[in-house]
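The values are calculated or read from the model by the stated rules, or taken from the named source; none is laboratory data. Since this is a predicted model, take the numbers as computed values, not measurements. Cβ placement follows ideal geometry from the backbone for every residue including glycine, while neighbour counts extend to all protein chains displayed.
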Amino acid sequence: MTASKQPVPARWAIAFLVLLALALQASTAQDTFTVRDAYTKYEYMVPMRDGVKLFTAVYVPKDTTKTYPILMTRSPYSSGPYGTTMYPAWTGNLRSKFFREGYVMVYQDVRGRYMSEGEFADVRPYKPNKKGPKDIDESSDTYDTIDWLIKNVPRTNGRVGISGVSYPGFYTSMSAIDAHPALKAVSPQAPVSKWFDRDDFFHNGALMLPHAFNFFASFGWPRPNPKSEPDRRFDHGTPDEYKFFLELGPVANAEAKYFKGQVSFWTEITKNGVWNDFWEARNILPHMKNIKPAVMVVGGWFDMENLFGALHLYEAIENQSPGTTNTLVMGPWSHGQWDFGTEGDALGVIRFGSKLNEFFLDSLEAPFFRYYLKGEGSPKTPEAAVFLTGTNEWRMLESWPPKNLQNRSLYLHPGGKLSFDPPVAGTPAYDEYVSDPAKPVPYTSEIHHWYNPAFPVEDQRFASRRPDVLVYASDVLGEDLTVAGPLMCSLFVSTSGTDSDWIVKVIDVYPDNTPNPMKNPQGIKLGGYEQLVRGDVIRGKFRNSLAKPEPSVPNSVTPVKLELLDVFHTFKKGHRVMVHIQSSWFPQIDRNPQTFVDIFTAKESDFQKATQRVYHTAQYPTHITLGVLK
């Protein structure tokens, strides 16, 4: 058969194969880029003002026809691979874009970590009034590093940018304070900011147990001398974190059994179980004044570690440095998920679109640094580039939260009802459950030894069926309901104990006829799926103050305010809104003994069952106030 007489399907198949071959050829050609071929690597011990030297890896483009800006990351997590002949193996990774575009790429081990000299300090406090060369902090270390780099590294254009995710996000934030004049742009991403409030290790005074324990089980052990070896890895002995932490018993056992006084910051935490000067000194937010570099703050809506840090760092800069270019980017990501190659399109079985990480990098982050460091492109960036979950679309807003919000309250009613109508006189007073620290409500149905990064969107049906979880659901929505900003929970509760945790979860319930996802190796049913949208905890003794805990009066109605961190979510027509209220969320949150004690010295005998009541009367109307987008 001649080519002209081939059936149409065959011609299409050949055309498809030709296009596929060209695409593969183009992909292969692109992937031939290597850092080794394009860059020369240098390693320096950069001197700080107090004489301590910090290990700094510098990658300089081999092209000598022009100058380049510096793009730097400062990290406690290693700047390896170490050795001037050792190069990162990044080729297809999205993060290699900055190497491809041409920057002097700099990676530094912070003071006291890996190959740097000096003594490490967790979230080292900022010193606003430095009196001499011995007064150092992360801001001064960054200033000294930048000053040295622009004077000693060849072919720089004198402009510097800094970015980093999580702990490196903290160092990025610190670099913007008292910034070196050459520092033009910073991007703190999922930044550590205020550890005792709702960031990383504590949420409203409740210990986020896997975050704290697992972090310090591998990080923060003594390091007498600089080292290139990775941090120790902790062996839980089981993949089941629920089992591990339940068998651990009271939190005090972690020190006695594992840390034994060798992990200094864990020891400090156990001595500072309330908000005090120790925590205030490590709160970066009050110092975001007179910020000179342009800022792009990045976070994930489903980041249980540093969502607070991203939202409140942006807010702090807006309030204290009103003249600063300050952009907020919030995507549908877990902790740092936008930085993990191309894996930002889904969380668990919940899909949000396609190529979301590429959009962030190509349309937001790369143009930001390109303009401020190279003078290329447009200076226009949105005030807030935020992803609307539920409808799964990016929105470019003039402010965050949006200005056109209407506050509406969802009220709890008897029989598990949830309604915008408040309760009326004569409504039954309360619902109750027994909270047993020996059988805490799990935060996830999955088996993990760290924590399940997908749990912030996980199906909550496993929890709805627990007798110690109160469940309230609205009628089927007749129209879309879009909610933006923080959610304020006004609880009226009582406990038979003298302390209690109160966990509130806001959930999107899918219609029963929702089709299952295409990629679904676990066979999860989306019909009736109860997707967690936002949840958080307040430890009852901190209901009025993080600094001055006070016991609950047993069986006495007590008002408790709990602010759930910002959301941007559409509950679609045909869905329902659901609320869970419970008193354990284990081991995401350590077990509350339900007696008024210091959690770090609590004994097994301090843990007791408690009867919990949640009220929903005209006098005590438990409700959640939402910002509804008009």
Can you confirm whether region 614-626 contains a residue that is more than 27 Å from N407 (Cβ to Cβ), of a type outside the set (D, E, K, R) and surrounded by fewer than 19 Cβ atoms within 10 Å (Cβ to Cβ)?
no
How many of the residues in region 495-529 are acidic (D, E) and closer than 21 Å to G300 by Cβ?
1
Would you check which residues across region 171-191 are of a type in the set (A, V, I, L, M), closer than 30 Å to T270 by Cβ and in contact with a Lys or Arg (Cβ under 9 Å, 6 or more places away or on another chain) and list them?
M174, I177
Applying the selection to region 361-415, what residues are of a type in the set (D, E, K, R) and closer than 28 Å to S474 by Cβ?
E393, R395, K403, R408
Matching helices (runs of 4 or more DSSP H) fully within region 201-298 where at least 1 residues are of a type in the set (A, V, I, L, M) and surrounded by 14 or more Cβ atoms within 10 Å (Cβ to Cβ)
209-218, 241-248, 264-271
Condition test on G169, is it surrounded by fewer than 16 Cβ atoms within 10 Å (Cβ to Cβ) and either in a loop (DSSP other than H, G, I, E, B) or of a type outside the set (V, I, T) (or both)?
no
Could you list, in sequence order, the residues of region 583-616 that are of a type outside the set (A, V, I, L, M), under 22 Å from P467 (Cα atoms) and over 27 Å from the mean Cα position of the chain (by Cα)?
P593, Q594, T595, F607, Q608, K609, T611, Q612, R613, Y615, H616
Under 7 Å between Cβ atoms, which residue pairs at least 6 apart in sequence (or on different chains) link something in region 432-447 that is in the same structural domain as R591 (by TED's automatic domain parsing) and at negative phi with a partner that is among the basic types (K, R) and assigned to a loop (DSSP other than H, G, I, E, B)?
V434/K609; S435/K609; D436/K609; P437/R591; P440/R591; V441/R466
So, in region 402-414, exactly how many residues are surrounded by fewer than 20 Cβ atoms within 10 Å (Cβ to Cβ) and either within 22 Å of F462 (Cβ to Cβ) or of a type in the set (D, E, K, R) (or both)?
2
The one condition in (1) crowded, with 16+ Cβ neighbours inside 10 Å; (2) over 25 Å from D431 (Cβ atoms) that P515 fails to fulfil:
(1)
Let me spell it out: the conditions are (1) among the polar types (S, T, N, Q); (2) more than 30 Å from N520 (Cβ to Cβ); (3) surrounded by 20 or more Cβ atoms within 10 Å (Cβ to Cβ), and N306 meets all of them except one. Which number is the exception?
(2)
Out of M115, M174, M105, M86, I need the residue that is assigned by TED's automatic domain parsing to the domain that holds V60, within 23 Å of D362 (Cα to Cα), among the aliphatic types (A, V, I, L, M) and modelled with pLDDT of 95 or more. Which one?
M105
L410: passes all of (1) of a type in the set (A, V, I, L, M, F, W, C); (2) more than 15 Å from M330 (Cα to Cα); (3) touching a Gly at 6+ places or on another chain (Cβ under 8 Å) but (3)
M518 versus (1) without any contact (Cβ under 8 Å) to a residue 24 or more places away in the chain; (2) closer than 19 Å to S419 by Cα; (3) not charged (D, E, K, R): which is the lone unmet condition?
(2)
Would you be able to tell me the number of residues in region 579-605 that are more than 30 Å from F420 (Cβ to Cβ) and not in a loop (DSSP other than H, G, I, E, B)?
3
Cβ contacts < 9 Å: first residue outside the structural domain of F302 (by TED's automatic domain parsing) and surrounded by 23 or more Cβ atoms within 10 Å (Cβ to Cβ), restricted to region 530-555; second residue modelled with pLDDT under 95 and of a type in the set (D, E, K, R), any location; separation 6+ or different chain. Result?
D536/R198
Test each condition in (1) among the polar types (S, T, N, Q); (2) over 23 Å from V349 (Cβ atoms); (3) without any contact (Cβ under 8 Å) to a residue 40 or more places away in the chain for N513 and report the one that comes out false.
(2)
For region 475-517, which positions are within 21 Å of the chain's Cα centre (by Cα) and of a type in the set (A, V, I, L, M, F, W, C)?
V483, A484, L487, M488, I503, V504, V506, I507
Could you check A182 against (1) buried (at least 21 other Cβ atoms within 10 Å of the Cβ); (2) aliphatic (A, V, I, L, M); (3) assigned by TED's automatic domain parsing to the domain that holds Q320 and say which number it fails?
(1)
